Structures are given as C-alpha cells and as structure tokens.
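Everything on this sheet refers to the single structure shown next.
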C-alpha cells in the first residue's frame, strides 16, 4: 500500500467534519492514482473537493495542485510531499489505469453507491 493513500486510509475520516469551504456542490467522484513510485501505483475512486477557484483539489487530508502539463504520466502534485498523482474523472468502462483495467483500484465506501450508479448508465 502506498505511503500516501494508505496513510490517509488508516485515519478515521467518517467522524471528521469538512471545513465550511468544502461543499458537496464543489466535489466530484474522481480516480486518484499515486505516481510517486512509478507508472502504476495505488489507486482509488473517491470524492475530491475543489477550491473555490478550482485550482486546488482536496482528498482525505491531502491537497493537490496542477502540474500544468509538466508531469510525466501525472497531472497533479501533493503539496506537502511534492509527489505526483494522476487525478481524473472515472471511466464508465472502468479502464482507469494508464494501461487499461482496474486491477487493485479501491472504491471509497462513501461513494460506492453513487459510483455504481454512474458506471451502470
């Protein structure tokens, strides 16, 4: 398990209250893959929150900013560690990984029902 996404999973986020600037209306279910250790890393489908400007993304205590096209197989970096991630909308055909498939992609419990409905359409 990745040191980033796994570390965040160990914490109990069910009881945490999101800051007031995090609104459900500014969130989406997204595919998040840690690219810090290579082309295929730990991956999840989860709810990502967007800042008011849309330039910063938040997921489970992590803060991401765009690489503005300068990343290799990554489009965001985690601001605390500088590690690269790929964050995008989930694919209906579930081939979210760079080379296809969804092997090992975990789906956060809080979005399972909504994600299942999305891929069923």
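Nothing in this text is a laboratory measurement; each read-out follows from the coordinates by a stated rule. Please read all numbers here as calculations on a predicted model, not as lab measurements. For neighbour counting, all protein chains shown are included, and Cβ atoms are generated from backbone atoms with ideal geometry for every residue, glycine included.
Things worth noting here:
- Counted by neighbouring Cβ atoms within 10 Å, the residues 58, 118 run from fewest to most as 118, 58.
- Shape of the range 20-120, Cα gyration tensor, a/c cut at 1.5: oblate
- Ascending count of other beta-carbon atoms within 10 Å, so fewest first, for 34, 110: 110, 34
- Our summary gives the range 20-120 a relative contact order of 27 percent, counting only alpha carbon pairs under 8 angstrom and 6 or more residues apart.
- Sorting 121, 56, 79 by the number of Cβ atoms found within 10 Å of their own Cβ, with the fewest placed first, yields 121, 79, 56.
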